[in-house]
Amino acid sequence: MFGIGWSEFVVIGVVALIAIGPKELPAVLRAVGQWTGKIRRMANEFQGQFQEALREAEMADVRKELDDITAQATDVGSFDPVADANKELSSAFEDKPATTDMTTAAAPVEAVTADTLPEISVPLPEPLPPVSNADFAPPPAEPTPPVSHDSARELLPPSPKVPSGSGA
């Protein structure tokens with residue numbers, strides 16, 4: 001606990017027995033135990049409140065991070081590159097000083113849409129020659145020669161010889 005060993009407890013007990021007396025020692029020990037219990041309960045309560053405050057602070061941080069991520073996801077969801085380009089173009093021409101020479105005056109900027117974009121033609125590759133099933137057919141099998149009865153007997157394994165006579 002506090003680095004107090006049994007020998008120190010014995011010395012404290014002997015001094016308390018002499019100073020307080022044997023009649024009142026149980027009442028004093030009971031009071032000390034009650035005070036110790038109150039102090040422990042207060043310490044546990046303080047620790048619990050401290051832990052709860054830490055959890056609330058962590059939850060606030062997590063909520064803030066979640067709100068930031070949600071805002072970023074919303075920004076990504078509303079991404080429109082054509083509208084962004086139109087805004088940049090219009091702001092670039094609005095900030096330009098007005099010119100008096102009509103030959104160098106810029107034409108008003110029109111909104112770029114999918115209808116105003118030029119068509120791009122891409123040449124198609126040449127078609128492949130047609131493929132028939134004959135290209136994938138297996139090679140013809142060689143004919144097998146006919147088998148005669150005599151040659152078939154040569155292919156069979158020899159029959160086991162059974163001993164004749166009475167088995168004893």
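Data for the structure
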quantity: Single match in F50, F46, F93 (criterion: of a type in the set (F, W, Y) and at pLDDT below 90); calculated: F93
quantity: Of the criteria (1) in a helix (DSSP H, G or I); (2) of a type outside the set (F, W, Y); (3) surrounded by fewer than 10 Cβ atoms within 10 Å (Cβ to Cβ); (4) at pLDDT 70 or above, which one A134 fails; calculated: (4)
quantity: Residues of the stretch 1-25 that turn out to be surrounded by 10 or more Cβ atoms within 10 Å (Cβ to Cβ), outside any helix (DSSP H, G or I) and among the aromatic types (F, W, Y), as a count; calculated: 0
quantity: Neighbours by Cβ (under 8 Å, 6+ apart or cross-chain): first from the stretch 56-84, in contact (Cβ under 8 Å) with a residue 12 or more places away in the chain and surrounded by 10 or more Cβ atoms within 10 Å (Cβ to Cβ); second of a type in the set (S, T, Y) and not in a helix (DSSP H, G or I); calculated: V82/T113
quantity: Options F46, F79: the member that is part of a loop (DSSP other than H, G, I, E, B) and more than 21 Å from the chain's Cα centre (by Cα); calculated: F79
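The values are calculated or read from the model by the stated rules, or taken from the named source; none is laboratory data. What you are looking at is a predicted structure, and each value in this text was computed from that prediction instead of being measured. Every residue, glycine as well, gets a Cβ built from its backbone with ideal geometry; the counts of neighbours run over all protein chains shown.
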